[in-house]
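The values are calculated or read from the model by the stated rules, or taken from the named source; none is laboratory data. Small disclaimer: the values here were computed from a predicted structure and weren't measured. Methodologically, a virtual Cβ is constructed for each residue, glycine included, from the backbone with ideal geometry; neighbour enumeration extends over all protein chains shown. Note: areas computed on protein heavy atoms with side chains; ligands, DNA, RNA excluded. Shrake-Rupley method; radii C 1.70, N 1.55, O 1.52, S 1.80 Å.
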Amino acid sequence: MLKKVFCISLLSIGVLGFSQKKWTIQECVDYAIKNNLQIQAQAYNKDVQAKNLEMAKKEYLPSVSGTINNNVNFGQTLVGTSSIRNDSYYNGANVGASVLVYNNGRLEKTIRKTGFDVEASLQDIETIKNNIALQIAQQYLNVMLNREIKKISESAMDNAQKLYERAKITTDVGTTAQTVLAEATASLAREKQNVKTAQINVDKALFAMAQLLQLPDYRTFDVVDIPVPDELVPQIESVEDVINTAYQNQPVVKAAETRIKAAEAQTEVVKTNFYPTISATAGIGSFYNNLLNKNTLGYSVDAAGNPIAITERNFAQQYSDNFGQQLSLSANIPIFNKGITKLQVEQTKINEVIAKNNLEQQKFQLKQDIQQAQFNADSNYEVYIAAVEAERSTKLALDFAEKSYEAGRSTIYDINIARNNYANAQGSVAQAKYNYLFSIKVLDFYAGRGINL
């Protein structure tokens, strides 16, 4: 019984420890990169390109094959103007090897082109990883924002609770009217509702984060709180510097540049079709033949003039006597193929232009994204500064309202309005702060400094 209780206790501790685990931003990014289905699909595509590269390299090796033929003939066969019976069995075996001697570097150019395909696939994977890291950072900050808003709501609820307790005392002793207690009660109920709504928003943000990570169980998911500075400083980095750095480091640009090289390499591969292809082959083989309707091939005479029958040799003897070798060198010279090769070269040239255009598109999109991030950072900082000033003013107004209420010169309605204004200002500061932080992290990402919260 004690053993069973001990095992259950250990299990409970393990479950509790798991449920209390909180994920860091780095753990979230690492998990997503490891388990994201889109990354896995792109990794499979990279594996296909890698196999193509392996196959291209193996084209340097000779092709070796073996053949075994078995033929049986029955009936008559034509000899001159007459026919004879020709029942026979034939068995032959050959082993041959063929190797490409010259093709104007087609194999080498194919390997180079396929290598570029592999490199581009790797950059595609990095692009997906970066996009996922940005999404996780944004959602992580969203969780932090909703938690801060919840703290603001809880603080407002605590103040409403104190105001309610005071109103209840003063109303019970007859100092204030019943309406004061009613308003204090309604205000406390509203703040409790705000806290509940804030908690639901936190849960929603965590749920969205768990879905982004594609976790099988979102109920126990939680993240570590990150320190956020109380005061923020403006972004001073030049947008041109960020753009130039992104052009050099972002995988989406590297992938586009690599695909230009792949398109150019494919053009060189197609051009080899204008040149002769020289191949060398070598082989060995032997055969066995048997006349089924007779085993006497003919007659000869001995020294005394007596006839001697010539019989067929057995299988082993024929394979030994008929063993042979072959060597050959052949050239396939293109003369006319309806102009298809020329059209193929023109087609690959168009693909080069398309690849270059795609690079320009990627750079243009990247430039727009960085400029948008810079604009967001500047505007969000201005909003943050304005929100801080509004928070300071509403806090001062709240202090005056509380003192005036304590002195009996204002009503509970006045203090509730002042407190609501202050809570809204605090929420605006939090919203502006996290919007600005995300804008800065986007710029850091494009500047090659990664995603660190």
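Sum up the charges of everything whose Cβ sits under 14 Å from the Cβ of SER187, counting Lys and Arg as +1 and Asp and Glu as -1, but leave SER187 out. Numbers along the way, then the final one.
Details: positive: LYS162, ARG166, LYS168, ARG190, LYS192, ARG419; negative: ASP158, GLU165, GLU183, GLU191, GLU402, ASP414.
Combined, the nearby Lys, Arg, Asp and Glu give 0.
Could you tell me which of PRO234, GLN248, ASN273 has its Cα farthest along the dipole of region 233-277 towards the positive end, charges placed at Cβ (Lys, Arg +1; Asp, Glu -1), taken about the Cα centre?
Farthest towards the positive pole: ASN273.
Where does the longest stretch of the chain lie that holds no chymotrypsin sites (Phe, Trp or Tyr not before Pro) found in a DSSP loop with 16 or fewer other Cβ atoms within 10 Å?
Details: sites that count: TYR60, PHE74, TYR218, PHE323, PHE336.
Counting at most 16 other Cβ atoms within 10 Å as exposed, the longest clean stretch of the chain is 75-217.
Compare the Cα positions of ASN73, GLY105, LEU134 along the charge dipole of region 64-185 (+1 at Cβ of Lys, Arg; -1 at Cβ of Asp, Glu; about the Cα centre) and return the one farthest towards the positive end.
With unit charges placed on the Cβ atoms, the residue in question is ASN73.
Determine the distance separating the Cα centre of region 415-453 from the Cα centre of region 360-379; give it in Å without decimals.
So the two Cα centres are separated by 20 Å.
Out of region 41-115, which trypsin sites (Lys or Arg not before Pro) are coil in DSSP terms and have no more than 16 other C-beta atoms within 10 Å? Numbers along the way, then the final one.
Working: sites: LYS46, LYS51, LYS57, LYS58, ARG85, ARG106, LYS109, ARG112, LYS113; in loops: none.
Here no loop site has a sparse enough neighbourhood.
Leaving out ligands, DNA and RNA, and with a 1.4 Å probe, what % of the accessible surface on region 63-190 is carbon or sulfur? Please list the in-between numbers first.
Values: 3640 of 6840 Å².
Using a 1.4 Å probe with all protein chains present, region 63-190 comes out at 53 percent carbon and sulfur.
Below 8 Å between Cα atoms, with a sequence gap of 6+, how large is the relative contact order for the chain in percent?
Computed over the chain, the figure is 21 percent.
Accessible area per residue of the chain at 1.4 Å probe, in Å²?
Values: 27300 Å² over 453 residues.
Value for the chain: 60 Å² per residue.
When only DSSP loop residues count, what trypsin sites (Lys or Arg not before Pro) in region 161-220 have their Cβ near at most 16 other Cβ atoms within 10 Å?
Working: sites: LYS162, ARG166, LYS168, ARG190, LYS192, LYS196, LYS204, ARG219; in loops: ARG219.
Loop-located and lightly packed - ARG219.
Distance in nm between label sites at LEU100 and VAL173, each 7 Å beyond Cα in the beta-carbon direction?
Distance between label points: 10.1 nm.
For region 302-453, what does the alpha-carbon gyration tensor say about shape, rounded, prolate or oblate, given a ≥ b ≥ c as the root eigenvalues, a/c under 1.5 as rounded, and a/b over b/c as prolate? Each step should come with its number before you reach the end.
Values: a/c = 8.30, a/b = 3.71, b/c = 2.24.
Prolate.
Considering only C-alpha atoms, what is the centroid distance from region 100-155 to region 210-250, in Å?
So the separation of the two Cα centres works out to 15 Å.
Between beta-carbons, use under 12 Å as the cut-off and find the net charge around GLN248, counting Lys and Arg +1, Asp and Glu -1.
0
If you compute semi-axes √(5λ) of the Cα gyration tensor in Å for the structure shown, which of [x] 58, 27, 18; [y] 40, 29, 23; [z] 88, 32, 16 do you land on?
Calculated semi-axes √(5λ) of the Cα gyration tensor in Å: the matching label is [z].
Filter the trypsin sites (Lys or Arg not before Pro) in region 324-369 down to the DSSP loop ones having no more than 14 other Cβ atoms within 10 Å, then list what survives.
Details: sites: LYS338, LYS342, LYS349, LYS356, LYS363, LYS367; in loops: LYS338.
Those that pass, being in a loop and sparsely packed, are LYS338.
If you take the beta carbon distance between SER88 and GLN326 as r and set R0 to 25 Å, what does 1/(1 + (r/R0)^6) give as a FRET efficiency, to the nearest 0.05? All intermediate terms of the calculation are to be shown ahead of the outcome.
Details: r = 24 Å, r/R0 = 0.95.
Efficiency computed from Cβ-Cβ geometry: 0.55.
With helices defined as uninterrupted DSSP H runs, which ones in the chain have an alpha carbon span along their own long axis of at least 24 Å and mean Kyte-Doolittle hydropathy of at least 0.5?
Numbers: long enough: 2-19 (25 Å, 1.65); 37-58 (32 Å, -0.89); 106-172 (98 Å, -0.59); 178-213 (53 Å, 0.13); 251-271 (30 Å, -0.14); 340-406 (95 Å, -0.70); 412-446 (51 Å, -0.11).
Flagged H segments are 2-19.
Which net charge results for the neighbourhood of TYR218, defined as the other residues with beta-carbon distances under 13 angstrom from its beta-carbon, given Lys and Arg at +1 and Asp and Glu at -1? Write out the running numbers ahead of the final one.
Working: positive: LYS204, ARG219; negative: ASP203, ASP217, ASP222.
Its environment carries a net charge of -1.
Before rounding to the nearest 500, sum -39500 (n - 2.57) across all DSSP H runs of length at least 4 in the chain and divide by the residue total; then give [θ] at 222 nm in deg cm²/dmol. Don't jump to the answer; show the numbers that get you there.
Numbers: 10 runs with 295 residues, N = 453.
Calculated mean residue ellipticity at 222 nm is -23500 deg cm²/dmol.
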